[in-house]
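Some notes on the structure that comes next.
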Amino acid sequence: MTALSRTLALSLLALTLGSAAQAACFADYKAKRTNPLKLHYGVIELSDAECEAPAAAVAARIAAEGWELLTVMDVFDKADAEKRKSDAGTYYLRY
């Protein structure tokens with residue numbers, strides 16, 4: 001293998017690994033806090049492994065700030081996430 005071939009192979013590997021680290025999907029959800037009652041709608045970025053069953057990942061992340069997951073509404077791609085940005089407000093990609 002020539003030096004150029006090795007360099008190209010390593011570059012291709014780096015690009016492949018870099019793409020795998022990006023989010024595979026996004027989900028929107030509803031959450032609540034009690035005493036006093038507060039509700040919020042949010043959009044969250046998920047890893048590839050979390051896309052199949054997002055509820056556990058969403059619940060764990062939002063629980064860190066005292067939120068309880070009510071429901072995961074949908075799972076979608078980045079383009080659809082952007083469409084929901086204004087609806088989610090400060091809870092767009094917060095967790």
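The values are calculated or read from the model by the stated rules, or taken from the named source; none is laboratory data. Model, not experiment: these values are computed from the prediction. As a convention, Cβ positions derive from the backbone with ideal geometry for all residues, glycine included, and neighbour counts pool all protein chains shown.
From the set of residues in segment 50-95 that are without any contact (Cβ under 8 Å) to a residue 24 or more places away in the chain and among the aliphatic types (A, V, I, L, M), which is farthest from Lys30 (Cα to Cα)?
Ala79
Can you work out which of the residues in segment 49-62 that are of a type in the set (D, E, K, R) and at pLDDT 95 or above is surrounded by the fewest Cβ atoms within 10 Å (Cβ to Cβ)?
At the first step, the residues of segment 49-62 found to be of a type in the set (D, E, K, R) are 50, 52, 61.
Retained after the next criterion (residues that are at pLDDT 95 or above): 50, 61.
Details: Glu50: 21, Arg61: 19.
Applying the filter and picking the extreme gives Arg61.
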